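Written out below as structure tokens is the structure these notes cover.
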Amino acid sequence: MNKRASFGPAGNSESFSAMGYKSFEDIPKFVKGAGLDVYEYQCGRGVKISAANAAKLGELALGEGIGLSVHSPYYISLSSVEEDKRKNSARYLLECAEVIVPMGGKRIVVHSGSCGKLPREEALFLAKDTLKYCLSELDAAGYNDLNLCPETMGKLNQLGTLEEVIELCSLDERLIPCIDFGHLNARTHGGLSSKAAYAEILDRIENALGHERLACFHSHFSKIEYSIGGEVRHLTFADEVFGPDPTPLLELVAERSLAPIFICESAGTQSEDARKMKEIYETLLASKGE
């Protein structure tokens, strides 16, 4: 297993087109040129890429040494009270599986949905039931070696606290938590203001899911503006008001020899900010003599 953290963007930053790149075929070259390791293909508004083009992207990414993951559609709702919507969630994840496999990747990030008018406990119960159904459908289609990554969410009315994501991931060892630290900071109104706060998150993951899944957790990172209801909008690393600061987290990752995948979701500067994270991390490793 890779013993180092990996870094890359969620989709294409503004610099992608500014540098003259236009096609999905340019993505691996761009990511490699930015000094990064991974790329999260965005299917938030549906799976628009064909299996053939996914295979082409995977071939080019392999040639550049770039790892790929997929972000599933935003309209997935594991916790919907409508059974059809929950079953459709499995269909959307199957569509993601049909492209992540030819891409050569394994990870599909998934939003759990909102609580709506349900008590959180009931919404979580529905989400767990739907997630089990999704796994069974993936298994039946031959996709039993993929990793679904339930994501922590930034708005208070969304299902996706750290504990809720941990409970979802406890259903199956193939479920890897996607810890969005910007979201957690937003829903706690600036709670990730210290190294100890980050350490508590990592400790809770390890205590509940074991060291192996902690060591390879998936992550989204960006600075995010928040209000009383949580997340408002994604910012860039130029922000000095809302945070969170990635450095204390990267210190812990280096100290504990963890190897997560960090996907930066900054607004338009995701490649540049992912590179900043990688540079901080590499400086920390160098100080350890690694």
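Would you check if residue 109 is at pLDDT 95 or above, closer than 30 Å to residue 252 by Cα and among the aliphatic types (A, V, I, L, M)? For residue 109, the condition - at pLDDT 95 or above, closer than 30 Å to residue 252 by Cα and among the aliphatic types (A, V, I, L, M) - is met. Quick check on the range 202-218. Is at least one of its residues closer than 16 Å to residue 150 by Cβ and among the β-branched types (Val, Ile, Thr)? The answer is yes; a qualifying residue exists. Could we say that residue 86 is buried (at least 20 other Cβ atoms within 10 Å of the Cβ) and under 30 Å from residue 252 (Cβ atoms) here? When the stated conditions are applied, residue 86 does not pass them.
Counting the residues of the range 107-126 that are surrounded by fewer than 20 Cβ atoms within 10 Å (Cβ to Cβ) and not hydroxyl-bearing (Ser, Thr, Tyr) gives 8. When you check residue 3 against the structure, is it out of contact with any helix residue (DSSP H, G or I) (no Cβ under 7 Å at 6 or more places or on another chain), within 29 Å of residue 247 (Cβ to Cβ) and loosely packed, with under 13 Cβ neighbours inside 10 Å, yes or no? Spelling it out, residue 3 is indeed out of contact with any helix residue (DSSP H, G or I) (no Cβ under 7 Å at 6 or more places or on another chain), within 29 Å of residue 247 (Cβ to Cβ) and loosely packed, with under 13 Cβ neighbours inside 10 Å.
For the range 180-238, a tally of residues being assigned to a strand (DSSP E or B), of a type outside the set (Phe, Trp, Tyr) and surrounded by 18 or more Cβ atoms within 10 Å (Cβ to Cβ) returns 8.
Within the range 173-209, restricting attention to residues that are of a type in the set (Ser, Thr, Tyr) and touching a residue at least 40 places away in the same chain (Cβ under 8 Å), the residue that is farthest from residue 158 (Cα to Cα) is 194. Is at least one residue of the range 118-141 under 30 Å from residue 4 (Cβ atoms) and among the polar types (S, T, N, Q)? Looking for residues that are under 30 Å from residue 4 (Cβ atoms) and among the polar types (S, T, N, Q), one finds none in the range 118-141, hence no.
Within this structure, residue 247 passes the test of being without any contact (Cβ under 8 Å) to a residue 40 or more places away in the chain, out of contact with any Ser or Thr (no Cβ under 6 Å at 6 or more places or on another chain) and within 20 Å of residue 38 (Cα to Cα).
Reported count of residues in the range 243-277, each being under 21 Å from residue 199 (Cβ atoms) and not β-branched (Val, Ile, Thr), is 18.
If a residue must be touching a helix residue (DSSP H, G or I) at 6+ places or on another chain (Cβ under 6 Å) and farther than 28 Å from residue 157 by Cα, how many such residues does the range 211-247 contain? Selection size over the range 211-247: 1. Restricting attention to the range 14-44 and to residues that are in contact with a strand residue (DSSP E or B) (Cβ under 7 Å, 6 or more places away or on another chain) and aromatic (Phe, Trp, Tyr), the residue that is farthest from residue 55 (Cα to Cα) turns out to be 39.
Looking at 46, 105, 63, just one residue is under 16 Å from the mean Cα position of the chain (by Cα) and of a type outside the set (A, V, I, L, M, F, W, C), and that residue is 105.
All of 233, 275 fail the test of being among the basic types (Lys, Arg), in contact (Cβ under 8 Å) with a residue 60 or more places away in the chain and touching a strand residue (DSSP E or B) at 6+ places or on another chain (Cβ under 9 Å), apart from 275.
Say we look at the range 219-230 and pick out the residues that are under 17 Å from the mean Cα position of the chain (by Cα) and in contact (Cβ under 8 Å) with a residue 60 or more places away in the chain; which of these is farthest from residue 148 (Cα to Cα)? So the residue we want is 224.
The values are calculated or read from the model by the stated rules, or taken from the named source; none is laboratory data. Because the structure is predicted, anything quoted here is derived from the model rather than measured. Using ideal geometry, Cβ is built from the backbone for each residue, glycine included, and neighbour counts are taken over all protein chains shown.
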